[in-house]
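The values are calculated or read from the model by the stated rules, or taken from the named source; none is laboratory data. Since we're looking at a predicted model, the values are computed, not measured. No Cβ is skipped: glycine too gets one built from the backbone with ideal geometry, and neighbour counts run over all protein chains shown.
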Amino acid sequence: MNLDQAFINKISSHLLHYRFKGGETHQLCCPYCQSGGINSKGKKISESKAKGYFYKKESCINFKCHKCGTGKQFHNFLKDHFPTEFIAYVREREHMGTTGKGHNCPTLANALESIGGLKFEKPIFDKNKINDSTSTTARESPDASKEDKIEGCGNPPKVQKLPPMRSPQQQSGCQAHINHLIKQKHERARKRRGDLW
């Protein structure tokens, strides 16, 4: 069993009306246009009316819907509907060396970036190309005295000023006026009862 088939088996329980048609073809309800399992007339879609297919073309698995016309490569189908399985799939393909340029699958770094995951930056190994702003020692200003020099602490952090805190009355808007009216109402009720405070 190849990798694509293994991942189809993993996700098959989550696909509506999935069935294996023999050979390299799998039928299912299209998650793009038949995701609810109900047609435009409000009736349930039967297995025979499922219009989505996984099929093998050359050496890769593709998805095609014969109703809405959506066609995707298998990794893009996983990315749209099963992001965690997509990352696992790309990781497996990268271990096999079948990702990147010349293959029908992105690299792991590109896959993580495409789903909003981690962004990778290439490390700089040449000391001549290191930016001066990344220096770990404090810069000396010409008018700084020896007592003011701080060694090895780097640049001071930027201070972000927060807006001033608002009181509960300011946050509630006109709540103060309502509170005042309620207080007057309670005072009148106490006077009627004869309670003295």
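When only residues in region 64-115 that are among the basic types (Lys, Arg) and touching a residue at least 24 places away in the same chain (Cβ under 8 Å) count, which is farthest from ASP4 (Cα to Cα)?
Step one: of region 64-115, the residues among the basic types (Lys, Arg) are 64, 67, 72, 79, 91, 93, 101.
Narrowing the set further to residues that are touching a residue at least 24 places away in the same chain (Cβ under 8 Å) leaves 67, 79, 93.
Numbers: LYS67: 24, LYS79: 14, ARG93: 10 Å.
Checking each candidate, the answer is LYS67.
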Within region 36-64, the count of residues that are farther than 26 Å from THR99 by Cβ and buried (at least 17 other Cβ atoms within 10 Å of the Cβ) comes to 3
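If you take the residues of region 1-33 that are part of a loop (DSSP other than H, G, I, E, B) and over 20 Å from CYS68 (Cβ atoms), which of them is farthest from the chain's Cα centre (by Cα)? Please lay out each step first, then the result.
Quick first cut of region 1-33, residues part of a loop (DSSP other than H, G, I, E, B) only: 1-2, 15-18, 23-24, 29-33.
Now drop any that are not over 20 Å from CYS68 (Cβ atoms), which leaves 1-2, 23-24.
Numbers: MET1: 31, ASN2: 29, GLY23: 36, GLU24: 32 Å.
Only one residue tops the list, namely GLY23.
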Please identify the pairs in which a residue from region 34-48 that is closer than 19 Å to THR70 by Cα has its Cβ atom under 8 Å from the Cβ atom of a residue that is surrounded by fewer than 11 Cβ atoms within 10 Å (Cβ to Cβ), counting only partners at least 6 apart or on another chain. GLY37/LYS44; ILE38/LYS44
With (1) within 27 Å of HIS95 (Cα to Cα); (2) modelled with pLDDT of 85 or more; (3) not aromatic (Phe, Trp, Tyr) as the list, and ARG19 as the residue in question, which single condition is left unmet? (1)
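I need the full set of residues from region 37-59 which are more than 14 Å from HIS26 (Cα to Cα) and not in a loop (DSSP other than H, G, I, E, B), in order please. Let's see the steps before the verdict.
At the first step, the residues of region 37-59 found to be more than 14 Å from HIS26 (Cα to Cα) are 37-46, 58-59.
Correct list: ILE38, LYS44.
For every residue, the table says whether it meets (1) polar (S, T, N, Q); (2) modelled with pLDDT of 85 or more; (3) farther than 18 Å from PHE86 by Cα.
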site: CYS33; (1), (2), (3): no, no, yes
site: ILE38; (1), (2), (3): no, no, yes
site: ALA50; (1), (2), (3): no, no, yes
site: GLU58; (1), (2), (3): no, no, yes
site: PHE63; (1), (2), (3): no, yes, no
site: THR70; (1), (2), (3): yes, yes, yes
site: HIS75; (1), (2), (3): no, yes, no
Using beta carbons and a limit of 6 Å, which pairs, at least six apart or on different chains, have the first residue in region 8-29 and among the aromatic types (Phe, Trp, Tyr) and the second one surrounded by 12 or more Cβ atoms within 10 Å (Cβ to Cβ)? TYR18/SER12; TYR18/LEU28; PHE20/HIS26
Residues being of a type in the set (S, T, N, Q) and either under 18 Å from ILE61 (Cα atoms) or surrounded by 17 or more Cβ atoms within 10 Å (Cβ to Cβ) (or both): count how many of those fall in region 79-118. 4
